[in-house]
Amino acid sequence: MAKPLDYHTIKEIFTRFQAEEPEPKGELEHVNAFTLLVAVALSAQATDAGVNRATRPLFAKVDTPEAMLALGEEGLIEHIKTIGLYRNKAKNVLKLSRILVDEYDGEVPSSRAALQALPGVGRKTANVVLNMWWGLPAQAVDTHIFRVGNRTRIAPGKTVDIVERAIEDNIPAEFQRHAHHWLILHGRYVCKARKPMCPNCLIRDLCPCEDKTE
């Protein structure tokens, strides 16, 4: 496994990210913890933009688990049928809504274990909710972060779990809260999979990747 960058280089990278975007935000639209949870669950194997187009009218009238249960599976499908795997996702959203009503008084729990116990909620989804809603330094490793972590050697690893741990271990504490957002945005708009935009890269001089574009 590749050796991670040294502390000073990683600190400089995130100092630049912070200077460029002091308060990075997730791009999934939501109005409360419940709609954030639903949006993240729907975003698996889908784009944030596509999820937002589907959920914008949905969340305008459905923003609680009780209202989601009242809408029902077919009603939900009508809103999210443009999203991949929509039938299975609809079933999971209704199941988790029922659990939230029955076991949590309609509130979204704030522990990773409780979140991951909900249907359709994995570790990445739980970490996004913990980070974006409660401000915890939870690292949600998606394909962008996995790629950037390995390319830059900020957080190298062969699995998403290893990369998540490497982010927690290698990135200075003062940058932990926003780390995954900076990495996602960098991977989505600059350090792209097929043709990274190296000439526009804020950290080009610090990146050890040899396959840079001109």
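Structure notes:
- Near pairs, Cβ below 6 angstrom, 6+ apart or cross-chain, from the range 159-173 (under 14 Å from Lys11 (Cα atoms)) to any residue that is among the polar types (S, T, N, Q): Ile167/Gln139
- Whichever residue in the range 1-24 is open to solvent by 80 Å² or more (accessible area, probe 1.4 Å), in contact (Cβ under 8 Å) with a residue 60 or more places away in the chain and assigned to a helix (DSSP H, G or I) and, among such residues, is nearest to Val160 (Cα to Cα): Tyr7
- Of the numbered criteria (1) in contact with a helix residue (DSSP H, G or I) (Cβ under 6 Å, 6 or more places away or on another chain); (2) open to solvent by less than 60 Å² (accessible area, probe 1.4 Å); (3) over 20 Å from Val128 (Cα atoms), the one Gly75 fails is (1).
- Qualifying residue in the range 194-202 (condition: under 19 Å from the mean Cα position of the chain (by Cα) and either at pLDDT 95 or above or closer than 21 Å to Ala44 by Cα (or both)): no
- Subset of the range 111-138 [in a helix (DSSP H, G or I) and touching a His at 6+ places or on another chain (Cβ under 9 Å)]: Asn127, Val128, Asn131, Met132, Trp133
- Qualifying residue in the range 186-194 (condition: outside any loop (DSSP other than H, G, I, E, B) and surrounded by fewer than 20 Cβ atoms within 10 Å (Cβ to Cβ)): yes
- Restricting attention to the range 113-133, the residues that are under 14 Å from the mean Cα position of the chain (by Cα) and more than 13 Å from Gly26 (Cβ to Cβ) add up to 4.
- Within the range 198-214, if we keep just the residues that are among the hydrophobic types (A, V, I, L, M, F, W, C) and outside any loop (DSSP other than H, G, I, E, B), the residue that is least open to solvent (accessible area, probe 1.4 Å) turns out to be Cys198.
- Where a residue in the range 26-45 is more than 24 Å from Gly187 (Cα to Cα) and its partner, wherever it lies, is among the polar types (S, T, N, Q) and not in a helix (DSSP H, G or I), with Cβ under 7 Å and at least six apart: Phe34/Thr64
Okay, residues lined up against (1) part of a helix (DSSP H, G or I); (2) open to solvent by 60 Å² or more (accessible area, probe 1.4 Å); (3) out of contact with any His (no Cβ under 6 Å at 6 or more places or on another chain):
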| site | (1), (2), (3) |
| --- | --- |
| Glu66 | yes, yes, yes |
| Leu69 | yes, no, yes |
| Ile83 | no, no, yes |
| Asn92 | yes, no, yes |
| Arg98 | yes, yes, yes |
| Pro109 | no, no, yes |
| Ile154 | no, no, yes |
| Val163 | yes, no, yes |
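The values are calculated or read from the model by the stated rules, or taken from the named source; none is laboratory data. Treat the numbers as computed from the prediction; the structure is a model and nothing was measured. Because the Cβ atoms are built from the backbone with ideal geometry, glycine has one as well, and the counts that use them run over all protein chains shown. Surface areas here come from the heavy atoms of the whole protein model, side chains and all, with no ligands, DNA or RNA. Shrake-Rupley method; radii C 1.70, N 1.55, O 1.52, S 1.80 Å.
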